[in-house]
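A quick write-up on the structure given underneath.
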Amino acid sequence: MESEKVGEEEAVIVGDYVEIMKTEGKSKGMKSKFSKFFWHGGSVYDAWFSCASNQVAQVLLTLPYSFSQLGMLSGILLQLFYGLLGSWTAYIISILYVEYRTRKEREKVDFRNHVIQWFEVLDGLLGKHWRNVGLAFNCTFLLFGSVIQLIACASNIYYINDNLDKRTWTYIFGACCATTVFIPSFHNYRIWSFLGLLMTTYTAWYLTIASLLHGQVEGVQHTGPTKLVLYFTGATNILYTFGGHAVTVEIMHAMWKPQRFKAIYLIATLYVMTLTLPSAAAVYWAFGDMLLNHSNAFSLLPRTTFRDMAFITFGFACTPLYFVWEKAIGMHECKSLCKRAAARLPVVIPIWFLAIIFPFFGPINSTVGSLLVSFTVYIIPALAHIFTFRSATARENAVDQPPKYFGRWVGTFTINAFIVVWVLIVGFGFGGWASMVNFIDQIDTFGLFTKCYQCPPPSVAVSPPSHGLNTTAAAPLHQPS
């Protein structure tokens, strides 16, 4: 931690082995240089790439849909608001991680072959009841986060090649998702995180430029918001967008110097906003209320080579689930990567299955945001910080003291209390009600295991938007199957 001196060698936690990084000297051999460049990433830059890639990813394609529910002004303001809230709670999580790890290292606990996770931080600081609640919410969120990533991949590839339906593409990408079992930890996501952010950046600017060049469709209307159900559904999708830091602890643990994480998430959020605000605003400006029936923005843009090049990577949410599963079956500290990969495969099966049952890309984001992200990412971290430092002794001995510009402890507790109340009432309460109404409506309209959600037959023109409750799926564009 900050109070501890860093020697000439630093132990880098990578999940299944310990690599000694020389602070001085050069790596020997081309193989080690190649491996270090592409595989071993524990710098602040690697953490930034992981945070930015994981934060927006597939949700980028549903933000124009949210704008059609919210209206332009609310869409922009809520992105700014939830971006700040998400950055704050990521900062709070980083403070709690540093506090937990410092206390344990003072007790001579060795983490060289162990990846610390959020539920363990809660356990060490607040006890088993907090651990159980944190574990339940975090695992369920990561499970459905992986499901959403898989649904997004299948939806995107369908608009590149519609010879196969979305359900078939889900089968194919489920198999591709299984390859992530061979990635030991976030320490090894260097090239994947870089490619993920590169493709997210390309996709965002493609959406922006393509929409502006396309221009507004004839008779375009921008009537949102029209109903409370739609408004809070869109709002919770944005809450989900900036609540992607359920993997914050794992990303921090992969860093050579975790104490340098504090501002990384905020910087990543600011960058992500340069992608989400222009793209969502441009697509909504061009297509307006048509987006109410098209949760994936790709579906409204003409097929071109540039559109086919846009793709969103996946796999980030799977890795923390692998760690939990490994710990449950006693395989986490196994030295063999192949044995750990084989042990991880059962985790992929429920992800695959749920993506086939609930392929409602867009509505499922809002549902997960309201029921799971609200607690996992916002409420639990804020409450955990309050309870961890509720005593004068804990505040006095805290590893990280709140800075003056946050108002020290009083200011920090006030911000945390505001987040708990706001997200509980607006995000979980109103958002949960609206998202569940909308999600159930998708099931009633399309049915479970639908073969191709919101896929119009090639010979059928896109139907005009309706403004009733069933706006994301009104008048099915195909027969449910």
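The values are calculated or read from the model by the stated rules, or taken from the named source; none is laboratory data. Source: prediction; values computed, not measured. As a convention, Cβ positions derive from the backbone with ideal geometry for all residues, glycine included, and neighbour counts pool all protein chains shown. The protein model used for the area step is the full one, side chains on, heavy atoms only, and it has no ligands, DNA or RNA in it. Shrake-Rupley method; radii C 1.70, N 1.55, O 1.52, S 1.80 Å.
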The listed residue being modelled with pLDDT under 90, under 21 Å from Leu321 (Cα atoms) and part of a helix (DSSP H, G or I), out of Phe141, Phe119: Phe141
field: Flag for Ile76 being modelled with pLDDT of 90 or more and either assigned to a loop (DSSP other than H, G, I, E, B) or in contact with a Ser or Thr (Cβ under 9 Å, 6 or more places away or on another chain) (or both)
entry: no
query: Is it the case that Ala204 is in a helix (DSSP H, G or I) and open to solvent by 10 Å² or more (accessible area, probe 1.4 Å)?
result: no
query: Right, Leu197: aliphatic (A, V, I, L, M), open to solvent by 30 Å² or more (accessible area, probe 1.4 Å), assigned to a helix (DSSP H, G or I) and touching a helix residue (DSSP H, G or I) at 6+ places or on another chain (Cβ under 8 Å) or not?
result: no
- request: Would you mind stating whether Trp422 is surrounded by 14 or more Cβ atoms within 10 Å (Cβ to Cβ) and either in contact with a strand residue (DSSP E or B) (Cβ under 6 Å, 6 or more places away or on another chain) or under 23 Å from Ala246 (Cα atoms) (or both)?
  value: yes
statement: Here the residues within the range 81-106 that are open to solvent by 30 Å² or more (accessible area, probe 1.4 Å), touching a residue at least 24 places away in the same chain (Cβ under 8 Å) and more than 17 Å from the chain's Cα centre (by Cα) are Glu105
query: Name the residues in the range 172-190 that are open to solvent by 30 Å² or more (accessible area, probe 1.4 Å) and polar (S, T, N, Q), would you?
result: Thr179
field: Options Ile380, Ile329: the member that is more than 29 Å from Phe261 (Cβ to Cβ), touching a helix residue (DSSP H, G or I) at 6+ places or on another chain (Cβ under 7 Å) and among the β-branched types (Val, Ile, Thr)
entry: Ile329
query: Before we move on, is Leu291 aliphatic (A, V, I, L, M), under 26 Å from Lys451 (Cβ atoms) and open to solvent by less than 10 Å² (accessible area, probe 1.4 Å)?
result: yes
query: Given (1) over 21 Å from the mean Cα position of the chain (by Cα); (2) farther than 16 Å from Gln216 by Cα; (3) not small (Gly, Ala, Ser), where does Phe261 come up short, assuming only one miss?
result: (1)
message: Just the residues that are in contact with a Phe, Trp or Tyr (Cβ under 9 Å, 6 or more places away or on another chain) and either at pLDDT 90 or above or in a helix (DSSP H, G or I) (or both), please, taken from the range 100-116.
response: Arg101, Lys104, Glu105
field: Failed condition for Thr226, given (1) over 25 Å from Asn293 (Cβ atoms); (2) over 21 Å from the mean Cα position of the chain (by Cα)
entry: (1)
- prompt: Are any of the residues in the range 210-224 buried (at least 19 other Cβ atoms within 10 Å of the Cβ), at pLDDT below 90 and of a type outside the set (Val, Ile, Thr)?
  reply: yes
statement: Leu150 meets each of (1) at pLDDT below 85; (2) open to solvent by 10 Å² or more (accessible area, probe 1.4 Å) with one exception, condition (2)
Helices (runs of 4 or more DSSP H) fully within the range 315-407 counting 2 or more residues that are open to solvent by less than 20 Å² (accessible area, probe 1.4 Å) and in contact (Cβ under 8 Å) with a residue 12 or more places away in the chain: 318-329, 337-357, 363-368, 380-388
message: Take the residues in the range 388-415 that are hydroxyl-bearing (Ser, Thr, Tyr) and within 19 Å of Arg103 (Cβ to Cβ); name whichever of them is farthest from the chain's Cα centre (by Cα).
response: Thr393
query: Of the conditions (1) of a type outside the set (A, V, I, L, M); (2) in contact (Cβ under 8 Å) with a residue 40 or more places away in the chain; (3) crowded, with 17+ Cβ neighbours inside 10 Å, Trp169 fails just one. Which one is it?
result: (2)
- prompt: So Phe232 clears everything in (1) more than 23 Å from Ile364 (Cα to Cα); (2) open to solvent by 10 Å² or more (accessible area, probe 1.4 Å); (3) aromatic (Phe, Trp, Tyr) except one condition, right? Which one?
  reply: (1)
